[in-house]
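> Below is a structure I'd like to ask you about.
Please treat every number below as a calculation from the coordinates, not as lab data. Fair warning: this is a prediction, and the values are worked out from it, not measured in the lab. Note: ideal-geometry Cβ built from the backbone for every residue, glycine included; neighbour counts use all protein chains shown.
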Amino acid sequence: MSEAAQGELPKHEVFEGPFKVKPVYEWWETPSNYRGYPGGEKLPDKLKVWRVQKTTDKPGEVPEPYGAVCRPFKNSPEAEALVVGYNTFKMNGAVAVGRHGNFLQWGFSASPSKMTDAGRKFFLNCVCYIKKSDGKAPVSRSKPIEWPARWGVAHE
Amino acid sequence: MRRKRLLLAATVAAISCCLVACQGESPKTEWEKVGLRILYVGYPGTAREKDFVDFLENHFAKVGKGDLNKFEVKDAEGFDVIILDYGGLSVEESTIRVPRVPFDRSYTRPTVTMSAVGALACDQLGLKTGYF
């Protein structure tokens with residue numbers, strides 16, 4: 001995943017407090033990988049994004065350590081997508097920061113000194129927000145990935 | 001006249017109360033600490049750990065540190081939120097190392113997982129936020 005979240009902030013308390021998140025928006029070219037997914041051909045040439053972190057000046061660059069997006073999913077009482085990630089490998093709408101039960105996955109990778117002001121405040125708010133899910137373990141679970149042999153995966 | 005003064009005083013008091021109440025709900029500035037106890041669990045001695053812990057200490061009432069390789073559920077006692085920072089993806093001899101998930105599905109503490117490795121951990125737990 002890149003260093004940016006995609007789209008305008010949705011209306012959600014996690015952007016309001018305790019620290020007010022004020023993104024600085026930019027327009028980046030629509031990643032070519034989006035075009036290969038359903039609806040991708042209808043996307044505009046550029047998409048509105050805001051940087052959550054900045055380790056490089058290049059738009060769309062995938063920095064190390066790697067971040068990740070997860071599949072788009074519909075919001076429900078136990079799971080919610082908080083921001084979509086601008087990514088150059090997967091589909092439009094893949095989730096960069098989301099909550100499922102008592103877990104909040106922060107898909108970006110930089111440490112705070114490399115986050116933008118908006119990114120730092122969003123991270124702090126996420127830490128505060130997940131406290132509200134204390135004791136609320138996910139009810140629905142999916143089967144973990146069965147990795148193809150070619151991937152070479154080892155469990156620690 | 002006296003009644004008017006009393007009415008004026010009551011109005012001023014009511015407005016003051018409203019202002020105080022509103023201030024209590026306003027977003028915090030960066031230097032106000034949040035009254036939560038945070039446990040950051042990562043890799044001890046790394047610059048990344050220091051960066052996170054320094055940052056968190058500036059914003060939360062209490063911040064503890066833990067070692068991801070040794071973390072156990074009981075270490076989370078006394079903390080409100082646990083941050084599991086798996087750092088970078090580990091690839092050794094063309095093999096992706098899937099992280100150790102230090103708890104089972106009965107775990108219910110508020111937890112933040114981070115980056116691509118965090119997504120792998122989420123996948124191991126069968127979460128919608130898992131790697132794909």
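> In nm², what is the average projected area of the convex hull enclosing the Cα atoms of the range A:4-135?
Computed as one quarter of the Cα hull surface, the answer is 7.9 nm².
> Let me ask something additional. Give the Debye-formula value of log10 I(q)/I(0) at each listed q (0.17, 0.22, 0.26 Å⁻¹), with one equal scatterer per alpha carbon of the range A:42-83, two decimals each.
Cα-only, vacuum Debye calculation for the range A:42-83: -0.74, -1.01, -1.09.
> How would B:T108, B:T46 line up from fewest to most surrounding beta-carbon atoms within 10 angstrom?
Ranking B:T108, B:T46 by Cβ neighbours within 10 Å, fewest first, gives B:T46, B:T108.
> Further question: Report, in cubic angstrom per residue, the convex hull volume of the C-alpha atoms of the range B:34-124.
It comes to 98 Å³ per residue, whole-number rounded.
> Another one. Report the convex hull volume per residue for the range A:1-79, counting only C-alpha atoms, in Å³.
Taking only Cα atoms, the range A:1-79 has a hull volume of 140 Å³ per residue.
> Sticking with this one: At most 13 other Cβ atoms within 10 Å and a DSSP loop assignment: could you name the GluC sites (Glu not before Pro) in the range B:76-132 that fit?
B:E77, B:E93
> Something else: Could you state the orientation-averaged shadow area of the convex hull built on the Cα atoms of the range A:57-156, in nm² to one decimal?
If you wrap the Cα atoms of the range A:57-156 in a convex hull and average its projections, you get 8.4 nm².
> Further question on the same structure: Would you kindly compute the Cα radius of gyration of the range B:90-132 and its largest Cα-Cα separation (Dmax), both in Å?
Expressed in Å, the Cα Rg and Dmax of the range B:90-132 come to 11.0, 35.
> Please identify the trypsin sites (Lys or Arg not before Pro) of the range A:53-156 that satisfy two criteria: DSSP loop assignment and at most 12 other Cβ atoms within 10 Å. Which are they?
Passing both the DSSP loop test and the Cβ count: A:K74.
> While we're on this one: How long is the protein assembly as shown along each principal axis, judged by its Cα atoms, biggest number first, in Å?
Principal-axis extents of the protein assembly as shown (Cα, largest first): 89, 50, 37 Å.
> Next question. Please name which of B:S94, B:I38, B:A116 has its Cα lying farthest along the dipole of the range B:34-124 towards the positive end, using unit charges on Cβ (Lys, Arg +1; Asp, Glu -1) and the Cα centre as origin.
The Cα lying farthest towards the positive end belongs to B:I38.
> So what is the calculated 222 nm ellipticity per residue for chain A, using -39500 (n - 2.57) for each DSSP H run with n of 4 or more, over all residues, to the nearest 500 deg cm²/dmol?
Taken over chain A, the calculation gives -3000 deg cm²/dmol.
> Please say if the range B:36-78 is rounded, prolate or oblate, where rounded means a/c under 1.5 for a ≥ b ≥ c the square roots of the C-alpha gyration tensor eigenvalues, and otherwise the choice is prolate for a/b larger than b/c and oblate otherwise?
Verdict is oblate for the range B:36-78.
> Within a 10 angstrom radius of the beta carbon, how do B:H59, A:H100, A:H12 rank from fewest other beta carbons to most?
With the fewest neighbours first, B:H59, A:H100, A:H12 line up as A:H12, B:H59, A:H100.
> For each of A:F73, B:F55, count neighbouring Cβ atoms within 10 Å of the residue's Cβ, then give the residues from fewest to most.
Ranked by crowding around the Cβ, least crowded first: A:F73, B:F55.
> A further question follows. Rounded to the nearest 20 Debye, what is the dipole magnitude of chain A about its Cα centre when Lys and Arg each give +1 and Asp and Glu each give -1 at the C-beta?
Once rounded to the nearest 20, the dipole reads 280 debye.
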